[in-house]
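Report on the structure given below.
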Amino acid sequence: MNRTVYQDEEKNAIRYSTIDRIDTEIDFKGFGVKYVASGQETYYINGKKFRVREGDYIIGNDFTKASVHINQSEPVQGLCIDISARIISEVASFHELTEKDLSEFLLSEQFFVNRYNVKNTTLGYSLIEINDKIKKGNFVHSLHNEELFYSLAESVIMDQRLVFNQLSKLNFKKHETNQELFRSLMVAKEVMDAALFAPLTLDDLALNAGISKYHFVRLFKSVFGISPYQYVKHRKLDLARTQLLKGCKVVDVAVQCGYPDTPSFSKAFKQRFGLNPSALNKQ
């Protein structure tokens with residue numbers, strides 16, 4: 001089942017699908033988002049294979065030629081969202097002056113096609129909300145739908161501006177080399193996000209990235225501005241902040257984040273956020 005939930009004259013569209021088997025070519029129109037709410041889809045784009053699992057989405061544009069393969073015992077449920085090129089360009093124009101480069105990047109054949117997880121992006125939260133509303137029958141045709149695409153475009157700009165800036169820090173001669181190395185770094189970062197409290201080693205991360213340890217550390221720091229160790233530390237402290245805002249005890253959060261005692265946790269927390277965890281806990 002593939003149902004068009006919304007479509008307008010500018011070719012903005014939202015389609016809701018439940019499919020267990022398919023093997024066909026597929027287009028990304030304007031700026032296209034393919035989100036998998038349950039199950040798994042496999043995309044083949046420019047000779048590369050992308051497994052898009054539950055909670056993941058893949059994005060592309062008019063230049064993205066792809067095929068999708070689904071063969072599951074249970075139907076795969078997902079969303080396809082098309083945002084018009086005009087809206088993407090209009091929203092980008094309201095940002096910094098350099099956004100002209102970003103707009104061209106998003107809508108050209110140079111665009112960085114990649115898979116993302118909804119937990120790690122601004123756009124991801126909107127995808128979850130839209131999918132839930134459609135499933136519950138709460139998504140209605142109104143002025144809100146037109147406004148929604150501007151909101152989605154803004155989320156895209158926020159996420160992709162960061163990707164654009166990070167990708168531009170790789171300056172190898174071949175554009176394809178820059179994209180492949182950046183994709184490898186993103187895979188390693190995703191591994192760190194998914195296993196913050198696992199005993200990951202530099203060997204593990206470099207192996208996932210498919211490059212040497214030295215090359216991995218150097219490129220990671222160049223692109224993201226911090227070392228892999230610092231990235232994991234910051235992510236743990238971000239999680240700690242969330243737990244404290246929920247009212248969890250400082251000592252419990254310190255243990256959860258792997259600190260040997262409360263003072264060392266408090267020192268790291270203050271360095272990161274500028275206040276003691278106990279002060280945030282009271283808030």
Would it be correct to say that S184 is crowded, with 17+ Cβ neighbours inside 10 Å, small (G, A, S) and in the same structural domain as Q7 (by TED's automatic domain parsing)?
no
Here is a list: I81, I14, I58, I87. Which entry is more than 24 Å from K119 (Cα to Cα), assigned by TED's automatic domain parsing to the domain that holds Q110 and surrounded by 20 or more Cβ atoms within 10 Å (Cβ to Cβ)?
I87
Candidates F172, F182, F111, F139 - the one that is under 16 Å from the mean Cα position of the chain (by Cα) and either among the basic types (K, R) or not in a helix (DSSP H, G or I) (or both)
F111
Flag if E146 is charged (D, E, K, R), in the same structural domain as E109 (by TED's automatic domain parsing) and either touching a residue at least 24 places away in the same chain (Cβ under 8 Å) or within 21 Å of L123 (Cβ to Cβ) (or both)
yes
Hey, V52 modelled with pLDDT under 95, in contact with a Phe, Trp or Tyr (Cβ under 8 Å, 6 or more places away or on another chain) and not aromatic (F, W, Y) or not
no
Name the pairs: first residue in the range 102-128 and of a type in the set (A, V, I, L, M), second residue assigned to a loop (DSSP other than H, G, I, E, B), Cβ to Cβ under 8 Å, at least 6 apart or on different chains?
L102/H95; L107/D62; V113/N46; V113/T64; V118/G55
Lone qualifier among V217, V255 - being out of contact with any Lys or Arg (no Cβ under 6 Å at 6 or more places or on another chain) and closer than 30 Å to L280 by Cβ:
V255
Of the numbered conditions (1) more than 29 Å from L127 (Cα to Cα); (2) assigned by TED's automatic domain parsing to the domain that holds D56, P199 fails exactly one; give the number of that condition.
(2)
In the set I134, I226, which member is over 29 Å from F269 (Cβ atoms) and either in contact with a Phe, Trp or Tyr (Cβ under 7 Å, 6 or more places away or on another chain) or not assigned by TED's automatic domain parsing to the domain that holds V52 (or both)?
I134
Within the range 138-156, is even one residue modelled with pLDDT under 90 and touching a helix residue (DSSP H, G or I) at 6+ places or on another chain (Cβ under 6 Å)?
yes
Out of V217, V255, V250, which single residue is touching a residue at least 24 places away in the same chain (Cβ under 8 Å) and β-branched (V, I, T)?
V250
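The values are calculated or read from the model by the stated rules, or taken from the named source; none is laboratory data. Keep in mind the model is a prediction, meaning the values are calculated, not measured. Glycine gets a Cβ as well: all are built from the backbone with ideal geometry, and neighbour counts include every protein chain shown.
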